[in-house]
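Asks: Structure provided below as structure tokens; questions to follow.
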Amino acid sequence: MKNKSDYLKIAHRGASGYEPDNTIRAFEKAINMGVDMIELDVHLCQEKIPIIIHDAAVQGNPVKELTIPELRQFDVGKGERIPTLQQAIDCVKGRCKLYIELKGENTVQPVIDLISKNEMENQVIIGSFDTKKVLRSKEIAPHILGSVLTGKIGIDFVSLAKSAKADMVHFCWEHHPSPHILLTDELMETCAKSGLQVMIWHEERPEEIRKIVQHNIAGIASNFPDLLI
């Protein structure tokens, strides 16, 4: 069996299977479980500050129209509040790495500015389904790893990643009954020859995890990250 130290064990939105997702509480639980990396989602609020939330709205209110004080009024579960990216960095720095998924518009520069300010360039991956965001991040900060996310099957993944100057192609096949069968030898060899690392998202089925990690993947995420440890 492949050594578990050979791939990143990533908490999807923190330990989101146990705690409210994208919260400091979820991040702390994931760190205590021993993960290598935490994935989180970023939008900008009204003040153009990066905040951690998956959707573009909170309880029907567009995030981009809300200030930090207004956002802090929302309880997103168990008394948790929506954190800023800076608060997330303060939580994880020196304890684990970050996978920052760019969700909202105009997130690239503010996120890179915070990464640089906190000297986290070698501790993060910037990813997005939007290849333009990944490309822009690589143009601004080519030394920061970039990852293109896709849930598609049977497309030219190499061209997709190369169009964004990405270092990784990130397969989001969690709804497929057996995602490990999609990680064919041909696919893995093609990615390797193109210099692309492979990420896989997010998996909660123990038997499927066991099969996926037999491949030469760079990382795998789960809502229940203790399944990966």
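Derivation of every value follows stated rules applied to the coordinates shown; laboratory data play no part. Note that the structure is predicted; figures quoted are calculated from it, not measured. Positions of Cβ are backbone-derived with ideal geometry, glycine not excepted, and every protein chain shown enters the neighbour counts.
Asks: Counting just the Cα atoms, what span does region 156-229 cover along each of its three principal axes? Round to the nearest Å and put the largest first.
Replies: Extents along the principal axes: 33, 21, 21 Å.
Asks: Give me a comma-separated list of calculated 3J(HN,Hα) values for region 147-155, in order, Karplus coefficients 6.51, -1.76, 1.60 applied at θ = phi - 60°, integers in Hz, x for any Gly or Pro.
Replies: Karplus-based 3J(HN,Hα) across region 147-155 equals 9, 9, 9, 8, x, 7, 10, x, 9 Hz.
Asks: Now for a separate question. Cross-link list K103/K152; K165/K193; K97/K138; K29/K133; K117/K138; K97/K152: which exceed 25 angstrom alpha carbon to alpha carbon?
Replies: Beyond 25 Å: K29/K133; K97/K152.
Asks: Can you give me the long-range amide H partners of G127? Hydrogens built in the peptide plane at 1.01 Å from N, cutoff under 5 Å, separation of 5 or more residues or another chain.
Replies: It is I100, E101, L102, S147, by chain and number.
Asks: Here is a follow-up. For the chain, with a Gaussian network of springs between Cα atoms less than 10 Å apart, report the residue from T107, T23, T184 with the top mean-square fluctuation.
Replies: Residue with maximal mean-square fluctuation among T107, T23, T184: T184.
Asks: Also, quick follow-up: Would you mind ranking F224, F27, F157 by Cβ crowding within 10 Å, fewest neighbours first? If you can, show how the numbers build up before the last one.
Replies: On the way: F224 18, F27 28, F157 21.
By the 10 Å Cβ count, ascending: F224, F157, F27.
Asks: Here is a further query. Take L66, L102 and order them by how many other Cβ atoms sit within 10 Å, fewest up front.
Replies: On the way: L66 21, L102 24.
Final ranking by Cβ density, sparse to dense: L66, L102.
Asks: Sticking with this one: Just Q197, Q59, Q214 to compare: in a GNM of the chain, with alpha carbon springs under 10 Å, which one fluctuates most?
Replies: Of Q197, Q59, Q214, the most mobile in the Gaussian network model is Q59.
Asks: Turning to a different aspect of this structure: Specify which residue in the list G151, I126, H170 is farthest towards the positive end of the charge dipole of region 4-227, using unit charges on the beta carbon of Lys, Arg (+1) and Asp, Glu (-1), about the Cα centre.
Replies: Value computed over the given set: I126.
Asks: Using the Karplus equation 6.51 cos²θ - 1.76 cosθ + 1.60 (θ = phi - 60°), what ³J(HN,Hα) coupling, rounded to whole Hz, does each residue of region 163-176 give in order, writing x for Gly and Pro?
Replies: 5, 10, 6, 6, 8, 9, 10, 10, 8, 9, 10, 5, 8, 6
Asks: OK, next. About the Cα centre of region 1-128, what is the dipole size in debye to 20, counting +1 per Lys and Arg Cβ and -1 per Asp and Glu Cβ, all else neutral? Display every interim value, and only then the final one.
Replies: Values: 16 positive and 19 negative charges, 80 e Å.
Roughly 380 debye for region 1-128.
Asks: Another question, then. What is the dipole size for region 4-227, taken about its Cα centre, with +1 at each Lys and Arg Cβ and -1 at each Asp and Glu Cβ, in debye to the nearest 20? The partial results should precede the final answer.
Replies: Numbers: 26 positive and 32 negative charges, 62 e Å.
Result for region 4-227 is approximately 300 debye, rounded to the nearest 20.
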